[in-house]
Amino acid sequence: MPIREINFDGIIGPSHNYAGLSLGNLASARNAGAISQPRAAALQGLDKMRINLALGLVQGLFVPPPRPATAWLAALGTTIGEADDALAANAMSASSMWAANAATVSPAPDAADGKCHLTVANLRTMPHRSHEWPAMLAQLRLAFASDAFAVHGPVPSAFGDEGAANHMRLAPAHGEPGVEVFVYGVTGGPFPARQHIEASRAIARLHRLDPTRTIFAAQSEQAIAAGAFHNDVVAVANGAVLFAHEQAFADKAPLIDALFAAVPGFELVEVAEADVPLADAIRSYLFNAQLVTTDGMMTLIAPTECRDTPSVARWIERHLASNGAIRRVEFVDVRQSMANGGGPACLRLRVACDPATVDPRFLVNPAKLDRLAAVIAHYWPEQIAVDALTDPALVSQVTDARSALLDALDLNQIESG
Ligand code: SUG
């Protein structure tokens with residue numbers, strides 16, 4: 001089978017909550033202390049997967065790691081019953097749902113050894129995300145156990161790495177050699193720059209990429225300071241198209257020149273600040289959309305917040321009317337995730353590979369999604385208030401819910417974390 005794009009969405013875990021843990025993520029700060037709805041959140045995530053399937057895409061999933069993160073708490077000399085509120089919230093986070101941060105992926109046609117490479121992200125900048133990688137690595141090793149893949153551990157934690165959220169690939173087709181763009185941050189003003197260039201360079205070497213087809217580009221400080229804590233909040237690529245905000249990059253001209261030189265048919269779809277101010281782009285997550293090609297046509301799978309933000313709605317309408325590169329826009333409701341700063345693109349890790357080489361337990365069809373929806377409807381808490389995160393009844397409900405999900409997927413053998 002030829003190489004296809006597979007979107008692996010992180011199932012939204014039963015402990016999904018709004019503890020306001022991510023400095024620089026404006027939605028997370030805005031909603032700190034709000035009551036979350038884990039069951040509705042996870043069902044929204046499944047519905048997004050159904051939209052992908054209906055468009056003809058191959059769809060996969062990742063399961064949430066164990067919560068509370070007992071191994072991490074133990075390394076800190078405590079337990080969920082004894083930890084202070086801040087540590088407990090860090091240990092109960094459901095942030096692994098944002099699978100775009102799980103790993104960086106280089107498809108086989110880009111690598112000198114002809115394998116599809118994945119490097120699990122160390123996510124070292126935010127404490128609540130820094131303990132995601134061991135369980136994610138275990139899962140990647142299972143899902144991509146075939147020798148078509150090379151799965152790497154995290155780069156050393158001296159260098160922050162946030163995975164595919166800061167990585168774009170442009171290629172005429174998924175199965176052809178592409179140009180990989182690694183976007184890093186230098187400074188974010190008051191906010192941390194989470195992706196370090198040393199981490200990006202290490203990944204490019206580990207993935208055996210051709211240096212002449214690998215580009216490193218800095219994110220603009222302005223974008224990070226405005227709340228673009230990951231590049232995928234202000235830019236997304238698909239095929240030969242880069243869809244980006246005018247202020248996404250620190251030094252745009254050399255990046256665009258390099259893409260015109262290296263990518264046949266390269267097209268830049270740029271949104272001007274005058275049309276969509278950075279603040280609107282970040283609030284609506286226009287760029288945190290899945291940009292996909294099906295039936296030879298490019299579709300943007302965007303959050304409903306784009307429809308509700310006047311400048312963005314106007315831009316979309318004008319672009320569609322102009323017969324631009326994006327021919328169709330599908331809106332998805334992932335409001336529970338959006339309220340923590342995670343849009344449709346955050347929720348998925350793109351892996352271009354032959355689906356036959358992936359462990360089928362990580363792939364879904366509509367019937368499997370129906371079965372998972374029943375498990376979620378039965379086991380996932382309806383609501384979580386942040387001050388109840390250490391409630392023993394909630395802790396055991398969260399643990400039982402995950403076990404029921406793993407049973408339904410025949411994945412009980414994953415336990416690391
Ligand atoms: O790392 N939010 C995530 C959102 C990640 C979005 N991913 C991409 N852009 N690809 C983050 O900031 C919420 C934290 C909390 O629970 O308050 C959080 O971790």
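The values are calculated or read from the model by the stated rules, or taken from the named source; none is laboratory data. Treat the numbers as computed from the prediction; the structure is a model and nothing was measured. All Cβ positions, even for glycine, are placed from backbone atoms using ideal geometry, and neighbour counts span all protein chains on display.
Output the residue which, of all residues in the stretch 19-45 that are part of a loop (DSSP other than H, G, I, E, B) and within 18 Å of the chain's Cα centre (by Cα), is modelled with the highest pLDDT.
L21
Suppose the filter is within 14 Å of the ligand (Cβ to nearest atom), outside any loop (DSSP other than H, G, I, E, B) and under 30 Å from K252 (Cβ atoms); does S337 pass it?
yes
Taking the residues in the stretch 271-307 that are part of a helix (DSSP H, G or I) and within 16 Å of the ligand (Cβ to nearest atom) as candidates, determine which candidate is surrounded by the most Cβ atoms within 10 Å (Cβ to Cβ).
A281
Can you tell me which residue is nearest to the ligand (Cβ to nearest atom) among those in the stretch 206-238 that are in contact with a Pro (Cβ under 9 Å, 6 or more places away or on another chain) and in a helix (DSSP H, G or I)?
The qualifying residue nearest to the ligand (Cβ to nearest atom) is I224.
Could you list all residues from the stretch 36-58 that are within 16 Å of the ligand (Cβ to nearest atom) and in contact with a strand residue (DSSP E or B) (Cβ under 7 Å, 6 or more places away or on another chain)?
S36, P38, G45, K48
Rundown of residues vs (1) at pLDDT 95 or above; (2) of a type outside the set (F, W, Y); (3) crowded, with 17+ Cβ neighbours inside 10 Å, yes/no style:
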| site | (1), (2), (3) |
| --- | --- |
| L320 | yes, yes, no |
| R328 | yes, yes, no |
| R335 | yes, yes, no |
| C346 | yes, yes, yes |
| L349 | yes, yes, yes |
| W380 | yes, no, yes |
| V395 | yes, yes, yes |
| I414 | no, yes, yes |
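Does A88 satisfy the criteria of being surrounded by fewer than 24 Cβ atoms within 10 Å (Cβ to Cβ) and not in a helix (DSSP H, G or I)?
no
Might you check whether a residue that is in a loop (DSSP other than H, G, I, E, B) and at pLDDT 95 or above occurs anywhere in the stretch 360-373?
yes
Looking at the stretch 62-84, can you tell me whether even one residue there is closer than 22 Å to C353 by Cβ and more than 12 Å from the ligand (Cβ to nearest atom)?
Yes, some residue in the stretch 62-84 is closer than 22 Å to C353 by Cβ and more than 12 Å from the ligand (Cβ to nearest atom).
Name the residues in the stretch 108-149 that are away from the ligand (no atom under 16 Å from the Cβ), among the charged types (D, E, K, R) and outside any helix (DSSP H, G or I), would you?
Result: D113, K115, D147.
Can you tell me which residue is farthest from the chain's Cα centre (by Cα) among those in the stretch 152-168 that are away from the ligand (no atom under 15 Å from the Cβ) and crowded, with 20+ Cβ neighbours inside 10 Å?
V155
Residues being closer than 23 Å to C346 by Cα, in contact with a Leu (Cβ under 7 Å, 6 or more places away or on another chain) and not in a strand (DSSP E or B): count how many of those fall in the stretch 240-261.
2
Residue-wise test of (1) free of Cβ contacts under 8 Å to residues at least 60 places away in the same chain; (2) surrounded by fewer than 18 Cβ atoms within 10 Å (Cβ to Cβ).
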site: C353; (1), (2): no, no
site: V358; (1), (2): no, no
site: R371; (1), (2): yes, yes
site: V375; (1), (2): yes, no
site: I384; (1), (2): no, no
site: L389; (1), (2): no, no
site: V398; (1), (2): no, no
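I need the full set of residues from the stretch 175-199 which are in contact with a strand residue (DSSP E or B) (Cβ under 9 Å, 6 or more places away or on another chain), assigned to a loop (DSSP other than H, G, I, E, B) and within 20 Å of L123 (Cβ to Cβ), in order please.
The answer is G185, V186, A193, R194, Q195, H196.
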